[in-house]
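Report on the following structure.
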């Protein structure tokens, strides 16, 4: 671009916003390359793969000083015309490899280029990322063998990859070498090479080779949760999510929570191997499923990214997780791991690699790293709190300047364990609860039944599924409502004096409980239930407070609630309970399976791998067990919502009971122990 | 070395001759590192591995301006004293890591540092190479896990490797990851890492990990010949050859020569796989044997280098060699290949790599490349001819300025096939022949019998082994002697007129033969035998001449005869026959298994891998079948020694029969065909 003047055409690429001036006649694809705008191309500019489609935004873009028009592109030439005739180009689309710049342009790089009318089944979510996958498909036409230049078939292929694609000095996966003769002859010296290049400082690597033009390549992104496993199949060429599938983690049969799985390993000589095998078997089942849904072969999967908490991460890789079960909670490996997928029992293409994001610490895993990547506290000015609640809560707090992370041993109460009527979120479970402040009568909603319990049609609906228990989101709500209606005090004591006001306040020896539903089973909230939730939320909140202390903050600007629990709880009730710190309620958002999204980002763009590797190195890890102030924060957090912290934002939308004097809210704190860890 | 003046000590390292000035107090090991002098060290300067031994040459080295004295080394300190007490240092040896420079020094870096009194069984040859192996053993003391800095075990190991050994950003072989916890704890955080780094542009790679100090590492170098396979086991730390073993190539059962093996692959669907399996099985047997001889485990082998002709190379790697059997003789891969040894069925250590040297062309193999590396025509000013004679002769001709290579289809005559009384070199075979020019009576020597046939004790000796045939070296000699004594003409015709002079000239129909030994069996040299040798030597010589044409030379300065055949033939007789061009006989040398030596060089020094990769790219390959002048050279070379070329050097030591006029020596030339290829 050395000799370009202000009179050369100005080209703006969207959505990246990158712009530059180019000489008249520059191919649009070439202009994109020069600006670092990712436009896929498999055929290398031969107008046969159709991957490099763009369109023009017409009009006067005063802000950019551009008057953009399709007339500023060269006419459709014979190669592009042939592609349109044979394969079909959507209206307004051009092949950027075969289209030259003639004047100022605003060019759209569509993120959904659908080739060969492939059907997209299901989107993982709506987010679209910049792409720069670690695997590129590179079509080349290789010189035929020549007695005068006795280079090997593979060596001539390497020359072509260097000349046409600037992949110099390509390394070759050994499995290709015995096949290279046959593939090149079958393709009549025209082949498509799958080149894996993840990091800038590593040599490009030939991982698969196909005769002729191979115009598709896929990858999987997977979040191995301790309870459920979610997998997405994406096209590496279009970025689209082609299929998604989930299953429960079969390791559950070795132990519900993570700590019981670690114990299983410690108690059983074959325990580690059995759990590794179990999770890999489930993963292979999911791979088969997404392949069937996407109508592709396993061998078409050329890249894969996995995340999980540290124990899932270790078991998946075949590493003994025992060390993660006790201080100093040392991971065997915390950095990012790359491995041939076949080496870890996930045969896809023989050349497919598996990338695992780094773990942040011994109990803040690659899933938390992926969620961080997805939600990006490190990319924003606002102080963002990210919480992923499981039997172990992973907490990340930070902004552009600094990110800190910890885990807190919340225990399984939020998942319904340790709660007398607790159960998993399933049809029949109560999921929403309101209590009338005057009558103390409840109304509630049951999973699988549309009407609330006081609305017409509820009885009919419930006749199908029953009312079987309380799931996590309803536990939060019922206890918060009990607090707002005065049934329990700020110390969490069910007030026996209320028994006179409502028959729903029941006496059980020395404590009282609240009757939520008088059916079969009878669903009550006991004093022990309240205590279990208090312990769990206090542990979580104390962890958050430690991170706020580290950041020197008395508030957070934004809260992201990750995972299934985060999706279903009502942020307002979580705040009433003091599960999360005070915050503008509009800025508290469920972020869904943020870990899965982060994994998908790393699948589609290797730059995100570098970003999270750098970020994790910079994240400061707080070991809650080592922090002297944890206990103090924990005791204060036993109160509802908190003994010391104010909730001014919450007070704008909810009338909180008046705060009483000091009470014995911390009585259980001394008996606190580190519990099983989970996410 | 920025502030050093002429007054700082001057240190010269031998045998490399590298020199430099260093501040007083610089450790000798550090000085060596700065100059690029390879001194092994496993313990990283802790005075525990004993690998970094040096000694001082005392005296006044006027040429270098150095007066060297042991007093110019620092006194033995406590760590070195402890090593000497526990392990023992040979007289005059110092540990360079623990010894500082105090004054001018000439330092010897011994190439044979024997640690722990390991017994060296058998040396491959006496040559000593500069060393710089691709695998280094690196002892480190890793930080213990710490809750405050929650890095993984592996990540802390990587930090230590970067700090102590400057191996940054180490890649890790996956098989190590599940073991890392146990190894590090067993070594109490002191471990030895085997780091593989072959090329400058690749990341170092952790391929094996041992608890504590692992003060040994081995490698194998192997030449896969079509007839025999030779393997050497070397210490990567001392460079010593610890054991050597050989075996016949079991592929012989699929075909004696290479072309018949290619045919076997073409005719049998499982032929390729069967031959690959056969050679790998033989190699595994050899590995077991050298390990048993060297008293090491297979897992102690951490690197390996293989060479072979193109067909052996392809079959070893599991590549179909059919393409090598016909024009354009395209190899599947000609460049150097690196592969995990386990991937090609040679399990050693799980992290062991196998390196194959590049092939020069479709029938000039990695063995020729290795021989080139060993003999180094590209490193010298003299024009050197290297010939490796088998059923296919590989020919390399060149000097520092330019190297050219070709192969010539000599056929199996030199190996005794196609010769009526021919046999392999084995007890009972005639190996040396002289013919009395007056009486035409022969005298000869038989393998396994010390005296010549006209010396006392011959009859007794021969009673044991018999006289069973003529081996390759004797075929050369007997035909050369027949020529020198006038029994055959320069055209190779056995002169029937001589029958009157000696009863050893026998008539067989229209041709005559020479009776070498009248026993059981009766050993004669027939007219057909002479013709077969003429065809073979003419093919070889014509190939040599083509290369000389390319170089614009009418003579060569130096000749290296490689392989077993080259070791046993008498250069003078080879020249009388016109097998090789005229040359000062003192400069014609057998170079033994030069291919095996080249393989060993690549095992012990990765710089040699780069050297031969560069050199092979620059070697010009001549396809003899495509050269119009081949036929002309071939016809001229049918004569003894040659119809047109003079042999002035040979004439100084041998009285050649007077040259006659033109004759019908080229009669067979027209029937020449490309024959089976072999080395």
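For the criterion of being more than 10 Å from chain B (Cβ to nearest Cβ), surrounded by 18 or more Cβ atoms within 10 Å (Cβ to Cβ) and either at pLDDT 95 or above or over 25 Å from residue B:620 (Cα atoms) (or both), residue A:135 passes. So, residue A:574, is that one assigned by TED's automatic domain parsing to the domain that holds residue A:612, in contact with a strand residue (DSSP E or B) (Cβ under 8 Å, 6 or more places away or on another chain) and part of a helix (DSSP H, G or I) or not? Spelling it out, residue A:574 is indeed assigned by TED's automatic domain parsing to the domain that holds residue A:612, in contact with a strand residue (DSSP E or B) (Cβ under 8 Å, 6 or more places away or on another chain) and part of a helix (DSSP H, G or I).
Is it the case that some residue within the range B:155-164 is surrounded by fewer than 23 Cβ atoms within 10 Å (Cβ to Cβ), on the phi < 0 side of the Ramachandran plot and not in a helix (DSSP H, G or I)? Looking for residues that are surrounded by fewer than 23 Cβ atoms within 10 Å (Cβ to Cβ), on the phi < 0 side of the Ramachandran plot and not in a helix (DSSP H, G or I), one finds none in the range B:155-164, hence no. Residue count for the range A:171-195, restricted to those that are in contact (Cβ under 8 Å) with a residue 24 or more places away in the chain, surrounded by 20 or more Cβ atoms within 10 Å (Cβ to Cβ), within 14 Å of chain B (Cβ to nearest Cβ) and not in a loop (DSSP other than H, G, I, E, B): 6.
In the range A:491-510, how many residues are under 23 Å from residue A:412 (Cα atoms) and touching a helix residue (DSSP H, G or I) at 6+ places or on another chain (Cβ under 7 Å)?
First, the residues of the range A:491-510 that are under 23 Å from residue A:412 (Cα atoms): A:491-494.
Imposing the further condition that a residue be touching a helix residue (DSSP H, G or I) at 6+ places or on another chain (Cβ under 7 Å) reduces the set to A:491-492, A:494.
Total satisfying the criteria: 3.
Inspect the range B:465-482 for any residue being farther than 15 Å from residue B:429 by Cβ, surrounded by fewer than 24 Cβ atoms within 10 Å (Cβ to Cβ) and out of contact with any strand residue (DSSP E or B) (no Cβ under 7 Å at 6 or more places or on another chain) and give the result as yes or no. Checked against the condition, which is being farther than 15 Å from residue B:429 by Cβ, surrounded by fewer than 24 Cβ atoms within 10 Å (Cβ to Cβ) and out of contact with any strand residue (DSSP E or B) (no Cβ under 7 Å at 6 or more places or on another chain), the range B:465-482 yields no hits at all. Screening the range B:400-452 for strands (runs of 3 or more DSSP E) wholly inside it with 2 or more residues that are under 30 Å from residue B:627 (Cα atoms) and either in the same structural domain as residue B:625 (by TED's automatic domain parsing) or touching a residue at least 24 places away in the same chain (Cβ under 8 Å) (or both) returns the ranges B:402-408.
Residue A:546 fulfils the conditions (1) out of contact with any strand residue (DSSP E or B) (no Cβ under 9 Å at 6 or more places or on another chain); (2) on the phi < 0 side of the Ramachandran plot; (3) outside the structural domain of residue A:445 (by TED's automatic domain parsing) except for a single criterion, (1). Listed by first and then second residue, the pairs linking a residue in the range B:454-476 that is free of Cβ contacts under 8 Å to residues at least 12 places away in the same chain to a residue that is surrounded by 24 or more Cβ atoms within 10 Å (Cβ to Cβ), with Cβ atoms under 6 Å apart and 6 or more places separating them unless they lie on different chains, form an empty list. Any chance the range B:483-491 includes a residue that's at pLDDT 95 or above, surrounded by 15 or more Cβ atoms within 10 Å (Cβ to Cβ) and closer than 23 Å to residue B:565 by Cα? Taking every residue of the range B:483-491 in turn, at least one turns out to be at pLDDT 95 or above, surrounded by 15 or more Cβ atoms within 10 Å (Cβ to Cβ) and closer than 23 Å to residue B:565 by Cα.
I'd like the full set of residues that are within 7 Å of another protein chain (Cβ to nearest Cβ) and either touching a strand residue (DSSP E or B) at 6+ places or on another chain (Cβ under 6 Å) or under 22 Å from residue B:341 (Cα atoms) (or both), limited to the range A:153-168. Reasoning before the result, please.
Taking the range A:153-168 and keeping what is within 7 Å of another protein chain (Cβ to nearest Cβ), we get A:153-155.
Residues satisfying the conditions are A:154, A:155.
Results for (1) assigned to a loop (DSSP other than H, G, I, E, B); (2) away from chain A (no Cβ under 14 Å), shown as yes or no for each residue.
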residue	(1), (2)
B:559	no, yes
B:601	no, yes
B:625	no, no
B:643	yes, yes
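Can you pull out the residues in the range B:304-315 that are under 19 Å from residue B:232 (Cα atoms) and within 11 Å of another protein chain (Cβ to nearest Cβ)?
Let us first name the residues in the range B:304-315 that are under 19 Å from residue B:232 (Cα atoms), namely B:304-309, B:312-313.
Matches in the range B:304-315: B:313 only.
Filtering the range A:247-277 to residues that are in contact (Cβ under 8 Å) with a residue 12 or more places away in the chain, over 20 Å from residue A:326 (Cβ atoms) and not in a helix (DSSP H, G or I) leaves A:247, A:248, A:249. Kindly indicate whether residue A:447 is touching a helix residue (DSSP H, G or I) at 6+ places or on another chain (Cβ under 9 Å) and surrounded by 23 or more Cβ atoms within 10 Å (Cβ to Cβ). Considered against the rule, which asks whether it is touching a helix residue (DSSP H, G or I) at 6+ places or on another chain (Cβ under 9 Å) and surrounded by 23 or more Cβ atoms within 10 Å (Cβ to Cβ), residue A:447 comes out as no. Tallying residues that are in contact with a helix residue (DSSP H, G or I) (Cβ under 7 Å, 6 or more places away or on another chain), outside any loop (DSSP other than H, G, I, E, B) and facing another protein chain (nearest Cβ under 7 Å) within the range A:341-363 yields 1.
Within the range B:47-54, does at least one residue satisfy the condition of being in a loop (DSSP other than H, G, I, E, B) and surrounded by fewer than 16 Cβ atoms within 10 Å (Cβ to Cβ)? I'd like the intermediate steps shown before the answer.
Pass one, the range B:47-54, residues in a loop (DSSP other than H, G, I, E, B): B:47-52.
Applying the additional criterion that residues be surrounded by fewer than 16 Cβ atoms within 10 Å (Cβ to Cβ) yields none.
Looking through the range B:47-54, none of the residues is in a loop (DSSP other than H, G, I, E, B) and surrounded by fewer than 16 Cβ atoms within 10 Å (Cβ to Cβ).
Per the conditions (1) part of a strand (DSSP E or B); (2) in contact with a helix residue (DSSP H, G or I) (Cβ under 7 Å, 6 or more places away or on another chain); (3) in the same structural domain as residue A:264 (by TED's automatic domain parsing), the sole criterion not satisfied by residue A:395 is (3).
If I filter the range B:317-339 down to residues being within 21 Å of residue B:286 (Cα to Cα) and out of contact with any strand residue (DSSP E or B) (no Cβ under 6 Å at 6 or more places or on another chain), which single residue comes out as farthest from the other protein chains (Cβ to nearest Cβ)? I'd like the intermediate steps shown before the answer.
Quick first cut of the range B:317-339, residues within 21 Å of residue B:286 (Cα to Cα) only: B:317-318, B:338-339.
Still in the list and also out of contact with any strand residue (DSSP E or B) (no Cβ under 6 Å at 6 or more places or on another chain): B:317-318.
Working: B:317: 6, B:318: 5 Å.
Filtering first and then ranking leaves B:317.
Restricting the range B:138-152 to residues that are buried (at least 16 other Cβ atoms within 10 Å of the Cβ) and closer than 25 Å to residue B:47 by Cβ leaves a set whose member that is nearest to the other protein chains (Cβ to nearest Cβ) is B:142.
Answer yes or no: is there a residue in the range A:646-669 that is at pLDDT 95 or above, under 30 Å from residue A:417 (Cα atoms) and part of a helix (DSSP H, G or I). Yes, some residue in the range A:646-669 is at pLDDT 95 or above, under 30 Å from residue A:417 (Cα atoms) and part of a helix (DSSP H, G or I).
The values are calculated or read from the model by the stated rules, or taken from the named source; none is laboratory data. Keep in mind it's a predicted model, so treat the numbers as computed, not measured. Methodologically, a virtual Cβ is constructed for each residue, glycine included, from the backbone with ideal geometry; neighbour enumeration extends over all protein chains shown.
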